[in-house]
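S.K.: Here it is: the structure, laid out below.
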Amino acid sequence: MDLKRKLARLGGIGPGGKPGASPSPAPEAPEPEASVAPAVDVPAAPVEAPPAPEPPRKEPDPRIVALRRMLGDWAERQDAAVARRGPSAAPRPRPGPLPAEPRTTPHGVVHVAERVLPPDHQHGSAPLAEALDVEAPLVASLALQPGLAGVDFQRMLFLDTETTGLAGGTGTVPFLVGLAWFEGRSLRVHQLFLRRLGEEAPMLRVLAERMAESSCLVTFNGKSFDWPLLRTRFVLNRVPPPAELPHLDLLHCARRVFKYRGSGTRLVHLEEQVLGYHRVDDVDGALIPDLYFRFLRGSDGSALTPVLEHNANDLLLLAALLGVLVRRFRASGAEGEDPRDLLGFAGVALRARDYERAHAFARAAAAGDPGAVGVEALALASRLSRRVGDDQTAAENLHKALASARGEKAAPLHLSLAKLYEHDLKDLPRALQHARLAASAEGADASRRRIERLERKLSRVTREYTLDFGAPPSRTGP
């Protein structure tokens, strides 16, 4: 084969000798064009292999997708919260250093913010030192925890944490552990701050040492959140957890005492309504995780000053609230108290089997409120009178309550009177009268059986009386 044909075969020069000319005769399928080859004998170009098919795309882990979506939603909510609340929601202090100083401990460097409040310091209307005057048996009754009756409350430890609050479980890190305890009658506030994630161990060891010197923990929702979280962090950081302490959770006390207020038991609400303390420029709790993450990303350390102040106020509130609750529980219904709270205290005393105190609270609540609270207080006073065998006073309290009860509130009172007249006062006509008005309190079937039973009893008594005396008894009354 001559040179021209070889070049034509490569597609560079056709039989006419011109580059790019088509060969003659034309092939059935034209070959791809190539650049003009030099006038030399060159081997044929190797045929490239077709590209390998792309491997199928691997679907992302659904858990990772869900986590990314959750984090994105969380970030959007934080941005929306900031936009709604305006610039005053997260106060911006002047640029400055982190409001916690490094301290060298046997376990490593720990960042601490600390202050000592004098014995006469008040949080709202409550002196902080009043918490030192609580009697352990009263605290045990108020908390419905008999185990607290032997605790030395001079050595109690107040605890509150601020966390990253992301996803729960191991993803939640307590970056600020607020502690407070009394030294004499002064309160020392000691806040442990996590400067960097992954440096928890020294902070946890300092916490364990302080707990070892304390008699009990006092928290607000600490049984469900703060302490379980801290216990998990001890395990994850391979730090021996401290021995469990008796734990007074004031959230449960507040729920029982203040449940008739109808405004919930958020800590800030109690602070305003019970102690009369209003925080100024307090950072919103929903913004606290974001402020900490900004700090980790390099923002100014002083941005966390409102967070430490928020945590310190929560600790002061714990001490003030404990003192106020025990003082009011001790007083058993002092003049001028809110009847709603008196009824709450009465219920707590009843559950603690302190019947005398419960009766005093119930009477005070009934005297202070002629409405729904008074009705419920009189019903409680009736049960307490019946418990000690004073059935006549029990009936009088129920009739007083009926004078103020409206709508469905009356049926349970009629039912209580029906039982009282049937079983204790042995007045069947009155029992039947009230049973007929109590149907909605116990259901149609139970009400029908009660009425039929009372009618049979009354019929039998009437027959016996007629046989003996010739005329049925005549009873009148309310």
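S.K.: For the range 380-396, enumerate the residues that are open to solvent by 20 Å² or more (accessible area, probe 1.4 Å) and assigned to a helix (DSSP H, G or I).
M.R.: Within the range 380-396, 383, 386, 387, 391, 392, 393, 396 qualify.
S.K.: Where the second residue is open to solvent by 30 Å² or more (accessible area, probe 1.4 Å) and of a type in the set (Ser, Thr, Tyr) and the first is within 15 Å of residue 375 (Cβ to Cβ) and lies in the range 387-414, which pairs have Cβ atoms under 6 Å and are six or more apart or on separate chains?
M.R.: Listed by first residue and then by second, the contacts come to 398/416; 411/440.
S.K.: OK, next. Suppose we filter 279, 297, 328 for residues that are under 25 Å from residue 152 (Cα atoms) and charged (D, E, K, R); which single one remains?
M.R.: Just one listed residue meets the conditions, 328.
S.K.: Quick check: is even one residue across the range 322-333 touching a residue at least 24 places away in the same chain (Cβ under 8 Å), open to solvent by less than 40 Å² (accessible area, probe 1.4 Å) and over 26 Å from the mean Cα position of the chain (by Cα)?
M.R.: Yes: the range 322-333 contains one or more residues that are touching a residue at least 24 places away in the same chain (Cβ under 8 Å), open to solvent by less than 40 Å² (accessible area, probe 1.4 Å) and over 26 Å from the mean Cα position of the chain (by Cα).
S.K.: Quick check on the range 99-115: of everything there that is in contact with a strand residue (DSSP E or B) (Cβ under 8 Å, 6 or more places away or on another chain) and assigned to a loop (DSSP other than H, G, I, E, B), which residue is nearest to residue 195 (Cα to Cα)?
M.R.: 100
S.K.: Can we say residue 226 is under 14 Å from the mean Cα position of the chain (by Cα), surrounded by 18 or more Cβ atoms within 10 Å (Cβ to Cβ), assigned to a helix (DSSP H, G or I) and touching a residue at least 12 places away in the same chain (Cβ under 8 Å)?
M.R.: Criteria met by residue 226.
S.K.: Any idea which of 312, 349 is modelled with pLDDT of 95 or more and either touching a helix residue (DSSP H, G or I) at 6+ places or on another chain (Cβ under 7 Å) or among the β-branched types (Val, Ile, Thr) (or both)?
M.R.: 349
S.K.: Now for a different question. Is it fair to say residue 242 is open to solvent by less than 50 Å² (accessible area, probe 1.4 Å), without any contact (Cβ under 8 Å) to a residue 12 or more places away in the chain, more than 20 Å from residue 316 (Cα to Cα) and not in a strand (DSSP E or B)?
M.R.: Spelling it out, it is not the case that residue 242 is open to solvent by less than 50 Å² (accessible area, probe 1.4 Å), without any contact (Cβ under 8 Å) to a residue 12 or more places away in the chain, more than 20 Å from residue 316 (Cα to Cα) and not in a strand (DSSP E or B).
S.K.: Of the residues in the range 397-413, how many are in a helix (DSSP H, G or I) and open to solvent by 30 Å² or more (accessible area, probe 1.4 Å)?
M.R.: 9
S.K.: Which residue, of 219, 232, is hydroxyl-bearing (Ser, Thr, Tyr) and open to solvent by 30 Å² or more (accessible area, probe 1.4 Å)?
M.R.: 232
S.K.: Which of (1) of a type outside the set (Lys, Arg); (2) open to solvent by less than 50 Å² (accessible area, probe 1.4 Å); (3) modelled with pLDDT of 90 or more does residue 455 not meet, given it meets every other one?
M.R.: For residue 455, the exception is condition (2).
S.K.: Output the residue which, of all residues in the range 266-309 that are touching a Phe, Trp or Tyr at 6+ places or on another chain (Cβ under 6 Å) and closer than 30 Å to residue 336 by Cβ, is modelled with the highest pLDDT.
M.R.: 271
S.K.: Given the criteria closer than 21 Å to residue 267 by Cα, open to solvent by less than 20 Å² (accessible area, probe 1.4 Å) and in contact (Cβ under 8 Å) with a residue 40 or more places away in the chain, does residue 316 qualify?
M.R.: Yes; evaluated as a whole, the condition is true for this residue.
S.K.: Which is more than 21 Å from residue 182 (Cα to Cα) and small (Gly, Ala, Ser), of 320, 312, 331?
M.R.: Exactly one residue qualifies, and that residue is 331.
S.K.: Now a separate question. Kindly list the number of the only condition in (1) closer than 25 Å to residue 303 by Cα; (2) open to solvent by less than 20 Å² (accessible area, probe 1.4 Å); (3) part of a helix (DSSP H, G or I) that fails for residue 253.
M.R.: Of the numbered conditions (1) closer than 25 Å to residue 303 by Cα; (2) open to solvent by less than 20 Å² (accessible area, probe 1.4 Å); (3) part of a helix (DSSP H, G or I), the odd one out for residue 253 is (1).
S.K.: Within the range 340-351, identify whether any single residue is acidic (Asp, Glu) and open to solvent by 40 Å² or more (accessible area, probe 1.4 Å), and answer yes or no.
M.R.: No, there is no match, as no residue in the range 340-351 is acidic (Asp, Glu) and open to solvent by 40 Å² or more (accessible area, probe 1.4 Å).
The values are calculated or read from the model by the stated rules, or taken from the named source; none is laboratory data. All values reported here derive from a predicted model rather than from experimental measurement. As a convention, Cβ positions derive from the backbone with ideal geometry for all residues, glycine included, and neighbour counts pool all protein chains shown. These accessible areas exclude ligands, DNA and RNA; they are computed on the full protein's heavy atoms, side chains included. Shrake-Rupley method; radii C 1.70, N 1.55, O 1.52, S 1.80 Å.
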